[in-house]
Ligand SMILES: Cc1cc2nc3c(=O)[nH]c(=O)nc-3n(C[C@H](O)[C@H](O)[C@H](O)COP(=O)(O)OP(=O)(O)OC[C@H]3O[C@@H](n4cnc5c(N)ncnc54)[C@H](O)[C@@H]3O)c2cc1C
């Protein structure tokens, strides 16, 4: 449980951090909350020779509404998001998600950027970001780029980030009026990673039709899953019982769970079906105010 030796760097600007990343490349790892990286280092699943701690760089933690988006700095802690009036009012799905992550100690340190950059399909925020149609902003030696979250999770523990890039911001489009979302998670005990988790976001027009739907799944494949067939089934529908049942079935079909200590493949798929319907029902209730 003792990590391999490493050099510890504390840059005070993004430029300095980028120079260090360029200098050390694959031998370096960024540290933010340390709540995923440090356990991996202690288990010797990761043995970076250089740790680049971003916590001394000012201006990377904020939550603000700007240009039709909620913009969240990558180093914003779970606890800060939990307390945010903006998130509670405009993105209740994100508030749901944060509250189901680990325990208050972990949430005091863990950051949104780290939760996404880690690329763990068991982490909860990726599904919510997929449901919300978010994008992430990364800065690297060639400047800044925005990456739609649909292109961000490329493989098991692997994201679209280059080794020399730093995730700086998460941009979430502000849901239009008539929108609501919810995140539900089945866990063996409080604070555990999901047996299965479902994020659902809907927008409903004045006639009661669904104009937009987003569904993301947690820990039921080697990457976070966007249940696109289920989303398409809901768009244009009146969100009837039949519509929800069929969408839930399509979400379950989109999952690729593996059997493990949390349950069999069949059980997890069944749980995706149940959670999708329940998350949609809660999202619809919120959308209808
Ligand atoms: C006991 C326990 C239970 C947990 N349960 C859950 C859970 O139920 N759900 C859940 O979602 N998470 C859970 N977590 C993980 C937790 O949410 C982590 O905080 C999160 O996964 C990583 O965020 P971090 O800021 O701690 O990142 P770190 O651990 O510092 O970094 C994680 C990885 O991301 C990279 N990274 C971090 N920030 C950036 C950045 N800005 N740019 C580029 N790369 C970056 C690092 O190099 C590293 O590879 C749990 C953790 C613990 C210890």
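Can you pull a Stokes-Einstein diffusion coefficient for the chain at 25 °C (0.890 mPa s), Rh from Kirkwood over Cα pairs, as a whole number of µm²/s? Please list the in-between numbers first.
Details: Rh = 19.3 Å.
Rounded to a whole number, D works out at 127 µm²/s.
By how many degrees, between 0 and 90 and to the nearest 10, does the Cα long axis of helix 265-287 differ from the longest principal axis of the chain?
Roughly 80 degrees, rounded to the nearest 10.
Applying a 10 Å radius around every beta-carbon, put 119-131, 153-165 in order of their mean neighbour count, most first.
119-131, 153-165
Take residue 142, project a point 7 Å from its Cα along the Cβ direction, then tell me which residues of region 164-178 have their backbone nitrogen under 15 Å from it.
164-166
Does region 131-289 come out rounded, prolate or oblate, given a ≥ b ≥ c as the square roots of the eigenvalues of its C-alpha gyration tensor, rounded meaning a/c under 1.5 and, failing that, prolate meaning a/b above b/c?
Working: a/c = 2.15, a/b = 1.20, b/c = 1.79.
Because a/c hits 1.5 or more and a/b fails to exceed b/c, region 131-289 counts as oblate.
Whole Å is fine, so just give me how far the alpha carbon centre of region 2-56 lies from that of region 234-289.
For region 2-56 versus region 234-289, the Cα centre distance is 38 Å.
I'd like the orientation of helix 14-24 relative to the chain: the angle between its Cα long axis and the longest Cα principal axis, in ° from 0 to 90, rounded to 10.
Taking Cα atoms only, the helix is inclined about 70 degrees.
When you count, for each residue, the other Cβ atoms within 10 Å and take the mean per peptide, how do 209-217, 250-258 rank with the highest first?
Working: 209-217: 24.0, 250-258: 20.4.
Per-residue mean Cβ counts within 10 Å order the peptides as 209-217, 250-258.
At a threshold of 8 angstrom on Cα-Cα distance, excluding pairs fewer than six apart, so keeping six or more, what relative contact order does the chain reach in percent?
Values: 674 pairs, mean separation 45.1, N = 289.
Once divided by the residue count of the chain, the mean separation gives 16 percent.
Order these peptides, 7-18, 197-208, 76-87, 57-68, by their mean beta-carbon neighbour count within 10 angstrom, highest first. Please report the intermediate quantities before stating the final value.
On the way: 7-18: 14.8, 197-208: 22.5, 76-87: 18.7, 57-68: 13.1.
Top to bottom by mean Cβ count within 10 Å: 197-208, 76-87, 7-18, 57-68.
So for region 1-127, considering every pair of alpha-carbon atoms, how many percent are separated by more than 21 Å? Could the numbers behind the result be given before it?
Numbers: 3480 of 8001 pairs.
Counting pairs separated by more than 21 Å, the tail of P(r) holds 43 percent.
Tell me the angle of helix 241-254 to the major Cα principal axis of the chain, expressed in degrees between 0 and 90 and rounded to the nearest ten.
40 degrees
Given 0.36 nm per residue, what is the gain on full extension from residue 26 to residue 281 after removing their alpha carbon distance, in nm? Write down the numbers at each step before the final one.
Values: separation 255, 0.36 × 255 = 91.80 nm, distance 4.48 nm.
Separation in residues times 0.36 nm, less the Cα-Cα distance, equals 87.3 nm.
Using helices alone, what [θ] at 222 nm do you get for the chain, with -39,500 (n - 2.57) per DSSP H run of 4 or more residues, divided over all residues and rounded to the nearest 500? Show your work: numbers first, answer last.
Details: 11 runs with 101 residues, N = 289.
That comes out to -10000 deg cm²/dmol.
Could you compute the FRET efficiency for residue 55 and residue 162, with r as their C-beta to C-beta distance and R0 at 30 Å, rounded to 0.05? Provide the component values of the computation, followed by the final result.
Details: r = 22 Å, r/R0 = 0.73.
Calculated value: 0.85.
The numbers here are math on the coordinates, done by the rules we state, and not lab data. All figures in this text were calculated on a predicted structure; none of them were measured in a lab. When we count neighbours, we look across all protein chains shown, and the Cβ atoms used for this are built from the backbone with ideal geometry, even at glycine.
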